[in-house]
Amino acid sequence: MQSTASRALARLVVLGVMLMAVVARAEQELPVYPGAVHTRIGKDLIISGEYYRLAYFTTDDSMEKVADYFVKHWRSQGYPTVVEGDMVQEAVVSALFTREGLQRGVVLRKHLGKTVGFSALRDLWVRAPRKKDGGLVKLEGTLFSQDITTRDDPGGSQHRSSLVNAPLVSVRDQVTQELTRQGFAMVRQTGATLGGEERFTLEHARKGEQVVTTLSRVDAETTAVLQMWVGSDRPDAMPNDEAVRQSRQDWEREQKAKKEAAAQGATP
């Protein structure tokens with residue numbers, strides 16, 4: 001009996017230590033430059049399956065002074081620290097927090113006479129569980145793809161940026177066919193030429209979800225794709241099937257009016 005109680009107590013102690021470790025990891029903070037206001041970018045981000053926290057700040061101090069602060073601060077605590085960049089237009093300072101399994105880093109750039117810094121906290125040990133991609137399609141001929149997931153809004157959202165080795169129209173057709181196969185319906189499609197570049201924006205929806213896809217022509221055989229999936233019927237993550245239905249009806253009326261105008265123009 002005593003042996004069983006001892007084992008139970010040992011398990012409780014181990015569980016307590018594990019919970020304390022989890023709490024400690026949750027409280028890890030972003031790198032902070034003294035005297036600068038830091039603005040968080042989202043809350044918890046998942047980039048290519050890894051957990052990140054990001055923020056940005058601006059300061060009148062020189063890039064070299066900012067970089068030097070972080071180098072001295074982290075090295076004085078015994079953390080391996082790496083510095084890259086020319087210290088004129090850009091610089092990167094990063095440190096490995098080996099006991100915590102974290103990487104902290106700061107990316108610095110010059111902008112309008114100020115130093116702009118992006119602070120990052122990256123978890124090196126824990127990877128996000130794989131999730132179903134929803135309406136984020138995988139395209140044939142993809143040369144590069146990166147996913148970002150945000151979890152700070154009610155519906156959540158996922159973003160995928162891709163570079164595809166295929167013409168713009170071909171990629172548009174691929175996206176439309178795959179989303180239709182997944183049960184999404186076209187809500188709206190628009191096309192434009194911005195800065196000499198052709199671009200399409202596709203809006204698809206199904207109950208409780210929507211996908212916005214932006215396609216840009218890089219060259220005759222390459223297309224850039226940016227997709228955003230929202231776990232809601234509206235971009236503000238507030239459920240509203242009626243908003244999607246109304247938007248789709250407006251688009252259908254728009255298309256019908258264009259066809260009628262084209263038909264009238266062709267009538268002798």
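Any read-out appearing in this document is the output of simple, stated calculations on the displayed coordinates, not a laboratory observation. Computed from a predicted structure; not experimentally measured. Counting neighbours? That spans all protein chains shown, and the Cβs are built from the backbone with ideal geometry, glycine included.
What does the charge add up to near T81, with Lys and Arg as +1, Asp and Glu as -1, over the other residues with Cβ less than 14 Å from its Cβ?
Details: positive: K72, R75, R104; negative: D68, E84.
Taking every other residue near T81 into account, the sum is +1.
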Notebook entry, point to check: Convex hull over the Cα atoms of segment 88-131, averaged projected area in nm²?
Noted result: 4.4 nm²
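Report the local net charge at D61: Lys and Arg +1, Asp and Glu -1, summed over other residues whose C-beta lies under 15 Å from its C-beta.
On the way: positive: K65, K72, R109, K110, K114; negative: D60, E64, D68.
After counting each charged neighbour, the total is +2.
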Item checked: Simple spin-label estimate for R253 and D173 in nanometres, 7 Å along Cα-Cβ -> 3.2 nm
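Between M186 and S48, what length in nm is gained on full extension when 0.36 nm per residue of separation is reduced by their alpha carbon distance? Show your work: numbers first, answer last.
Details: separation 138, 0.36 × 138 = 49.68 nm, distance 2.79 nm.
Difference between extended and current length: 46.9 nm.
Subtracting the Cα-Cα distance from 0.36 nm times the residue separation, let me have the gained length for A263 to Y69 in nm, one decimal. Provide the component values of the computation, followed by the final result.
On the way: separation 194, 0.36 × 194 = 69.84 nm, distance 6.87 nm.
Contour length minus Cα-Cα distance gives 63.0 nm.
Once the other residues with Cβ under 11 Å from the Cβ of T180 are scored (Lys, Arg +1; Asp, Glu -1), what is the net sum? Mind dumping the intermediate values first?
Working: positive: R181, R206; negative: D173, E178.
With Lys, Arg at +1 and Asp, Glu at -1, the net is 0.
Please compute the length gained on full extension between R127 and I148, using 0.36 nm multiplied by the number of residues separating them and subtracting their Cα-Cα distance. Before the final figure, lay out each step's value.
Details: separation 21, 0.36 × 21 = 7.56 nm, distance 1.31 nm.
Full-extension gain reported as 6.2 nm.
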